[in-house]
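So the structure is just underneath, and the comments pick up after that.
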Amino acid sequence: MNREDFSPPTPDVQHLPTLFRRIQQGEIRVPAFQRGFVWREAQVIELLESVYRGFPIGSLLFWRVEEELLRVEHKVTFPFPNVPIRYPSKFLLDGLQRLTTLYGVFHWPKPDELGRYNMIFDLDNEEFRLFDGKVQPTRTIHLSSLFSPRDFLEAQRTLSSEVDAEILMEKAIKLHSIFQEYMIPTVTIENRSVADVVSIFERVNSTGTRLNAVDFMRAVTWSESFDLNTELKKVYDEFAQKGFTVKNETLVKTLAIIDGLDPTPSSMLELRQIPPAKLHETMQRLKQRVEEARLFLLEHFAMRSYAYLPYEGQLLALVKFLDISTTTQTQATGEMVKWIWATSFNEELRGKPDHFVTRILDRVADLVAGNASALTTRLNLNTDDLIERRFIRGKALSAAFVCLFAKKEARSIFTGKVIPSALYMRDFATHNFDGLIAVDSLGHVLGKTFPSRKLFASTCLFMDEELMANEHLDLIQKIQLCRSVHKADSESILASQFINQRAADAALSGDISLFLKHRAIDLLQAAAFVVAGRSVDGK
């Protein structure tokens, strides 16, 4: 990249009145990709206290534009005036909550009415609080009066009737001076492409939550007949009712893939060139493909919830596959199934960036084109992983572990009945899985401390009511109970929970270490079967 192609950021320091004047003139605008005002009362007060004590509150980041590139937001949660748009303008990229707070507090139009921005200053205690409307304060001052000469004079006139008026007036003037003279550093970027600004926006982190490009994409695709947020909400709500709650960011990437684009910010910006009517058509295809993906995962993995698909990249690859393949490509379908199993067991998409997923999408296209080996499916799991690692909600290995039980149609070791997958596959229901061996016994055998007994090689599936009723039973007693109650059928019942005869015999002999070893081997073999394209039983 040639640094001569763009201008470096322009730093500046501006007084609050200057920033407020530029907002009122329409020079500073809120772009539609920004979220609404979300700060709580405590955060507002903390910001005001920081300014009052002369603490820095961070810089504001602007993007200077010469022409209409984004939709300007006019949400009721923003106190900024609705003035005609003029160019050049400065879009606020970072600092929205801070600038919204300051402008709203100092421009609250009706001091006697309640509102999130109607803040007062207690002159006696020198503290800020929200006006509650219960009692008209006499020894306080509304912050909205500080930037209005007429209102500030009226506030001083009210204070003059107090016995210690001189002290109160001095504090009020000091308060007025602090906010009038407070300066905020600003940084302005200009001569940058929209793609560059997307990247900058994604990297901004002022609230502890990494921002994403979803709302930005709403701004660049918005028209009077197409609002991305509205369309996404329709899709989200429809699939949420089916337990398939896909995040908006993922849906936007899916939208791009269906339109033949890569799921990266720079590539997705090409959506802004698509007419609204075409975008509506693409959204319909999106719904169709997501529904096909949902049914695919239900059929091949018994998933009834999106929570069991650990990686966004898996859904994107599956949608890509469903969008370009035909129903006759059974071999390719089998390869996709094997790849999803493998990537979950191997946890190989953890932390991978968008460009890594893009390469996978290219391999999916190669698979559909006839290259059966385009997606690698080698299993990298070993028995030590299953003996020493824990079953944890939301983790890829745990999700694959649960799917194994669902595909195996695991049976209760107490009743012998199949435990319905709907019981534990509609949500990542960790409470249905519990360890057979006590934590202290695991620590003694394995020589290390574990915070939970839910090691994979120790964990089985239970009905809700079974857990408490049989909590007092140890591993040996549970195996003994299964064999005594179910006789010859006990072997197949235990096998459905990946406890083969050697593991059961080891448990009854009191050899916990050998039990964990045989159980891990049984689980690993089942994982190898499905990654190889066979059933969980190896058929």
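The values are calculated or read from the model by the stated rules, or taken from the named source; none is laboratory data. Keep in mind that what you see is a predicted model, and the values were worked out from it rather than measured. Cβ placement follows ideal geometry from the backbone for every residue including glycine, while neighbour counts extend to all protein chains displayed. Heavy atoms of the whole protein, side chains included, go into the accessibility calculation; ligands, DNA and RNA do not. Shrake-Rupley method; radii C 1.70, N 1.55, O 1.52, S 1.80 Å.
Okay, here's what the table says:
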read-out: Subset of segment 464-497 (residues that are open to solvent by 80 Å² or more (accessible area, probe 1.4 Å) and under 40 Å from the mean Cα position of the chain (by Cα)); value: E465, M468, E471, H472
read-out: Among (1) within 16 Å of S452 (Cβ to Cβ); (2) among the basic types (K, R); (3) more than 28 Å from the chain's Cα centre (by Cα), the one test that R411 misses; value: (1)
read-out: Subset tally (residues that are in contact (Cβ under 8 Å) with a residue 40 or more places away in the chain and open to solvent by less than 40 Å² (accessible area, probe 1.4 Å)) for segment 525-538; value: 5
read-out: Lone unmet requirement of (1) exposed (fewer than 15 other Cβ atoms within 10 Å of the Cβ); (2) of a type outside the set (S, T, N, Q); (3) closer than 25 Å to I23 by Cβ; (4) free of Cβ contacts under 8 Å to residues at least 24 places away in the same chain for A155; value: (1)
read-out: Counted residues, segment 288-323 - those being farther than 17 Å from F345 by Cβ, free of Cβ contacts under 8 Å to residues at least 60 places away in the same chain, open to solvent by 10 Å² or more (accessible area, probe 1.4 Å) and not aromatic (F, W, Y); value: 9
read-out: Some residue of segment 203-221 being modelled with pLDDT of 75 or more, in contact with a Phe, Trp or Tyr (Cβ under 8 Å, 6 or more places away or on another chain) and among the acidic types (D, E); value: no
read-out: For D385: the one exception among (1) of a type in the set (D, E); (2) touching a strand residue (DSSP E or B) at 6+ places or on another chain (Cβ under 7 Å); (3) farther than 26 Å from T333 by Cβ; value: (2)
read-out: Flag for I178 being open to solvent by 50 Å² or more (accessible area, probe 1.4 Å) and in a helix (DSSP H, G or I); value: no
read-out: Scan of segment 324-353 for residues that are of a type in the set (D, E, K, R) and either open to solvent by 30 Å² or more (accessible area, probe 1.4 Å) or not in a helix (DSSP H, G or I) (or both), ordered by number; value: K338, E347, E348, R350, K352
read-out: Residue, farthest from V290 (Cα to Cα), within segment 238-271, restricted to residues that are open to solvent by 60 Å² or more (accessible area, probe 1.4 Å) and acidic (D, E); value: E270
read-out: Selected residue (only one of A155, A172, A195 is modelled with pLDDT under 90, in contact with a Leu (Cβ under 8 Å, 6 or more places away or on another chain) and part of a helix (DSSP H, G or I)); value: A195
read-out: Counted residues, segment 422-443 - those being buried (at least 18 other Cβ atoms within 10 Å of the Cβ) and among the aliphatic types (A, V, I, L, M); value: 4
read-out: In segment 403-415, the residues that are part of a loop (DSSP other than H, G, I, E, B) and open to solvent by less than 10 Å² (accessible area, probe 1.4 Å); value: A410, S412, I413
read-out: Filter result (over 41 Å from the mean Cα position of the chain (by Cα) and either among the small types (G, A, S) or open to solvent by 80 Å² or more (accessible area, probe 1.4 Å) (or both)) within segment 104-151; value: N125, V135, Q136, S148, P149, R150
read-out: Residue check for E281: modelled with pLDDT under 95, open to solvent by 10 Å² or more (accessible area, probe 1.4 Å) and under 16 Å from L251 (Cβ atoms); value: yes
read-out: Some residue of segment 29-39 being at pLDDT 90 or above and either buried (at least 20 other Cβ atoms within 10 Å of the Cβ) or in contact with a helix residue (DSSP H, G or I) (Cβ under 7 Å, 6 or more places away or on another chain) (or both); value: no
read-out: Test: residue in segment 9-18 that is in contact with a helix residue (DSSP H, G or I) (Cβ under 8 Å, 6 or more places away or on another chain) and modelled with pLDDT under 90; value: no
read-out: Members of segment 438-475 that are closer than 18 Å to S496 by Cα, at pLDDT 90 or above and in a helix (DSSP H, G or I); value: F456, A457, S458, L475
